[in-house]
Amino acid sequence: QVQLVESGGGYVQPGGSLTLSCAASGFTDKRRCVAWFRQAPGKEREGVAAIYHFYGNRFYAASEKGRVTISHEYAANTVSLEMSDLRVDDTATYFCAAVISYANECALTQSSYKFWGQGTQVTVSV
């Protein structure tokens, strides 16, 4: 009964900021990786950032570090992705993903994750 629900997507102008949220339910163990991926039309899904929920370790894609911040509310089982200085090419469907992990490290590869949300659309446009 694991469920991940994304929210916060929408339209934003270039240079603006947006925060996405992922609400997780059904997990019995907080030792898990939670990650954000994005996929633009015609492009492969790519990892943006991840967090080890239990300890708060953060992992970022090299291309996004500095513009993106991932955070979590431990007790509430939520993970947020704060994005700033948005560009048109940030337009994509953003997905929340999770996997049980005991390694205290999180990968940013799609195949590493077992649970996925439905995605939320982010459109950066003038």
Taking the criterion of being farther than 20 Å from GLY16 by Cβ and open to solvent by 70 Å² or more (accessible area, probe 1.4 Å), would at least one residue in the stretch 75-90 satisfy it? yes
Suppose we filter the stretch 83-98 for residues that are under 12 Å from GLY10 (Cα atoms) and of a type in the set (S, T, N, Q); how many remain? 2
So, first residue among the aliphatic types (A, V, I, L, M) in the stretch 24-42, second residue open to solvent by 30 Å² or more (accessible area, probe 1.4 Å), Cβ within less than 6 Å, six or more apart or across chains; the pairs are ALA24/ASN77
Selection within the stretch 1-33 - of a type in the set (A, V, I, L, M) and more than 10 Å from LEU81 (Cβ to Cβ): VAL2, LEU4, VAL5, VAL12, ALA23, ALA24
Would you check if TYR11 is out of contact with any Gly (no Cβ under 6 Å at 6 or more places or on another chain), assigned to a strand (DSSP E or B) and surrounded by fewer than 16 Cβ atoms within 10 Å (Cβ to Cβ)? yes
All but one of (1) charged (D, E, K, R); (2) at pLDDT 95 or above; (3) more than 17 Å from the chain's Cα centre (by Cα) hold for ASP29; which doesn't? (2)
Among the candidates ARG58, ARG32, residue that is of a type in the set (D, E, K, R), buried (at least 19 other Cβ atoms within 10 Å of the Cβ) and within 16 Å of CYS96 (Cβ to Cβ): ARG32
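The values are calculated or read from the model by the stated rules, or taken from the named source; none is laboratory data. In this text the structure is predicted, and so the values were computed from the model without any measurement. All Cβ positions, even for glycine, are placed from backbone atoms using ideal geometry, and neighbour counts span all protein chains on display. Protein only, heavy atoms only, side chains kept; ligands, DNA and RNA dropped before computing areas. Shrake-Rupley method; radii C 1.70, N 1.55, O 1.52, S 1.80 Å.
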